[in-house]
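Read-outs: derived from the displayed coordinates by stated rules, not from any lab. Treat the numbers as computed from the prediction; the structure is a model and nothing was measured. Neighbour counts run over all protein chains shown; Cβ positions are idealised from the backbone, glycine included.
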Amino acid sequence: MHNRINTVRNAHGAGDCVYDSCLVGKAQGAVNWDFSNNKFGHPPNYPGRIASCHDTWNGEIMMEHHPPGITATAIVQVWFNSPAHQPILLSRQAHKLGVYGRNGYLTISGTRRQCVVWCAEFGA
């Protein structure tokens, strides 16, 4: 996923983001929060969660998909096509990245189903 994000960023002049273990931990925390709370979305207290990585700028993008098995290329394309996610994905401020995805079960529209939740945390 990290490589695919950098491929898209480079194709649009944004440059590579380097792997950052602190941001991976924050991405993992966001995804685990979704499964622990049985709902998809950005966890509360986003600025406080990210401040611990000592960044001056942060961005978070997430995606839930079902059934599992969608490719990294398809996920990044969805983010790229989204007016809310594309500015974060292609931010020239970002130079660090942490990505995490997890398979599990969420109740969506009243139906419990298997899905994968991805989170990409960007930092500067």
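Quick notes on this one:
- About the Cα centre, charge dipole magnitude for the chain (Lys/Arg +1, Asp/Glu -1 at Cβ), debye: 200
- Descending principal axes extents, the range 11-80, alpha-carbon based, whole Å: 37, 34, 17
- Dipole orientation for the chain: of the candidates M1, S21, V117, V117 has the Cα lying most toward the positive pole (charges on Cβ; Lys, Arg +1; Asp, Glu -1).
- Shown in residue order for the range 5-13 are the 3J(HN,Hα) couplings computed by the Karplus curve 6.51 cos²θ - 1.76 cosθ + 1.60 at θ = phi - 60°: 4, 5, 4, 5, 4, 5, 5, 10, x Hz (x for Gly and Pro).
- Each of F80, H54, F35 was placed along the dipole of the chain (beta-carbon charges, centred on the mean Cα), and the one lying farthest toward the positive end is F35.
- When the alpha carbon gyration tensor of the chain is reduced to an equivalent ellipsoid, its three semi-axes come out at 23, 17, 11 angstrom, largest first.
- Other-chain or far-sequence residues with amide H under 5 Å of W57's (modelled H): A124
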